[in-house]
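The block underneath contains the structure these notes are about, expressed in structure tokens.
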Amino acid sequence: MKAFPKDTKFQKFAAHPLAQLAAAFALGILGALHFGISLSLLLSITALTTILAAALLVANVRSVAENANNSKHQGLVTLLVTLTALLLGATLASIERYEVPANQIKSLINEGAMEVGEPVELTGVLERDPEVAPERLYLQLRVQRIRSRTVSHKSSADARQSESAEREASGVVMLAAVPTKASAQEFAQLDLRYGARIRVMTVLERADRPGGLLMYGIPNMKLDKRGVVLRRIELLEREGVKFLCNANVGENVEANLLQRDFDAVVLCTGATQPRDLPVAGRELAGVHFAMDYLTASTQALLNGGADEAPIHARNLDVVVIGGGDTGTDCVGTAMRQGCRSLVQAEILPRPPDERAADNPWPEWPKVYKLDYGQEEAAARFGADPRDYCITAKRFLGDADGRVQAIETVRIEWVRDNGRFAMKEVPGSEKTWPATLVLLAMGFLGPERAGMLDQLGVTLDSRGNVATDPATGMTNVPGVFAAGDMRRGQSLVVWAIAEGRKAAAGVDEWLRR
């Protein structure tokens, strides 16, 4: 093979050892600089490139000396060295990330024996989704050392003012969330993921485990706590997020302290105020809100004694009032606990088997279906446990004050001044055995007493926390809200979207 005529200047230049060494060296430097590699790593890679290229060039020089008249052999060696240089350059181009173990980040954060809660900032940003390799953080190679300022908490008003000025001047930030909802967990993760400066994040959780609704509001058979929820929580902890449990803001934690000690506060406590059923006998033992029942069942399961739950359906006649997802979860849990009978009372009419004329695609299909809880109940008791268009009139109890039965009446929906209204059907009363009644009739928004009252945030016409549509900030500067407490009871996917929006709003606020 004859690559070039023997007498060309190009061949003489390409075959020269110094020219080939310079080409390999230049490719290495350009590849490293293009991908932003640090100076120390650049020098190391360049040195390795030089050594390898020099070794090949020595072989090339010897080959040329031994085969001075063999242009074919000389061309092959020249081609080999050129390809080697290109390969080294491509190798440099593939080095996009430098892995930093999570424990190394933690040791840097704790450097200098800093107190818990001290503001810390890393000047680098995350480059890859931590879920790709949960045990590692991937930081851009331009990451600098951690900058921290020791801020002492003093008692006098003048000292607190001085502390605030120092923190503002240093540019160090700290975030806090107060969650009983998934969006706060997502917010904590996304602040680390999408190019935001790494900040210390503290999550205050009023329950004994973090995770909010994902931990205690959804049964374990529907969402595995150890394999999904706890795994995500451990991932966030390795990223530096601090979870403080049994911290009920507004009760054992003063809400105004958050504003004093943190630069931004994100409220994600959900829409946890349940809708009650004020009928005769409501005070009887054995009548519970659905979330109290689901929380107790999951908590007992995670503590290793599922049968020791304080509210248990074993050998009881269960009546679930409400037909939504929470009601279905109550049905599925009661079935697994071995209930004796089960009825699910639904105040709305039975949905049609096919789409109605006023429910066209692509709207959500409002059609009859069996969810997992109803399927299991039907398999055991022979039919769908739901009874439609009925409402409770009163609860009946025994001499010990425990519920024993529920009296219902059938209703029909009629138009009244253009709106649908309930009308009882005379003579349709019915009494059902009920030794455990679970109220799953939805939620009325966030709990007002305690945290919201202490912070002084305003509510909208629906009773949710009012926020700026663009930033997610409440009427209190530096206090944000996201999730169900801002938009009302909804789905987890909305909580995730709310968390991302709040993260962007807080980041913008802190950059001012």
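The values are calculated or read from the model by the stated rules, or taken from the named source; none is laboratory data. All values reported here derive from a predicted model rather than from experimental measurement. Ideal geometry is used to build each Cβ from the backbone, glycine not excepted, and the neighbour counts take in all protein chains shown. Note: accessible area is taken over every heavy atom of the protein model, side chains too, but ligands, DNA and RNA are not part of it. Shrake-Rupley method; radii C 1.70, N 1.55, O 1.52, S 1.80 Å.
Scanning the stretch 383-391 for residues that are in contact with a Cys (Cβ under 6 Å, 6 or more places away or on another chain) and aliphatic (A, V, I, L, M) turns up nothing. Within the stretch 466-489, which residues are buried (at least 23 other Cβ atoms within 10 Å of the Cβ), hydrophobic (A, V, I, L, M, F, W, C) and farther than 11 Å from Ala502 by Cα? Hit for the stretch 466-489 is Met485, nothing else.
If we scan the stretch 334-347, do we find a residue that is among the hydrophobic types (A, V, I, L, M, F, W, C) and farther than 21 Å from Ala379 by Cβ?
Going residue by residue through the stretch 334-347, those that are among the hydrophobic types (A, V, I, L, M, F, W, C) are 334-335, 339, 342-343, 345, 347.
Filter once more, so that each one left must be farther than 21 Å from Ala379 by Cβ: 347.
Scanning the stretch 334-347 turns up at least one residue that is among the hydrophobic types (A, V, I, L, M, F, W, C) and farther than 21 Å from Ala379 by Cβ.
Residues that are over 24 Å from Pro477 (Cα atoms), in a helix (DSSP H, G or I) and under 17 Å from the mean Cα position of the chain (by Cα) do occur in the stretch 238-245, at least one of them. Take the stretch 372-418 and flag every residue that is open to solvent by 30 Å² or more (accessible area, probe 1.4 Å) and over 21 Å from Leu342 (Cβ atoms). Matches in the stretch 372-418: Ala399, Asp400, Glu412, Trp413, Val414, Arg415, Asp416, Asn417, Gly418.
Conditions tested, residue by residue: (1) in a loop (DSSP other than H, G, I, E, B); (2) out of contact with any helix residue (DSSP H, G or I) (no Cβ under 8 Å at 6 or more places or on another chain); (3) modelled with pLDDT of 90 or more.
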{"residue": "Pro278", "(1), (2), (3)": "yes, yes, yes"}
{"residue": "Ala296", "(1), (2), (3)": "no, yes, yes"}
{"residue": "Asn315", "(1), (2), (3)": "yes, yes, yes"}
{"residue": "Leu342", "(1), (2), (3)": "no, no, yes"}
{"residue": "Ala345", "(1), (2), (3)": "no, yes, yes"}
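Taken over the stretch 267-292, the residue count meeting the criterion of being under 30 Å from Ala466 (Cα atoms) and open to solvent by less than 50 Å² (accessible area, probe 1.4 Å) is 11.
Within the stretch 490-512, which residues are small (Gly, Ala, Ser) and open to solvent by 30 Å² or more (accessible area, probe 1.4 Å)? Steps first, please.
If we filter the stretch 490-512 for residues that are small (Gly, Ala, Ser), which is where we start, we get 490, 495, 497, 499, 502-505.
Matches in the stretch 490-512: Ser490, Ala497, Ala504.
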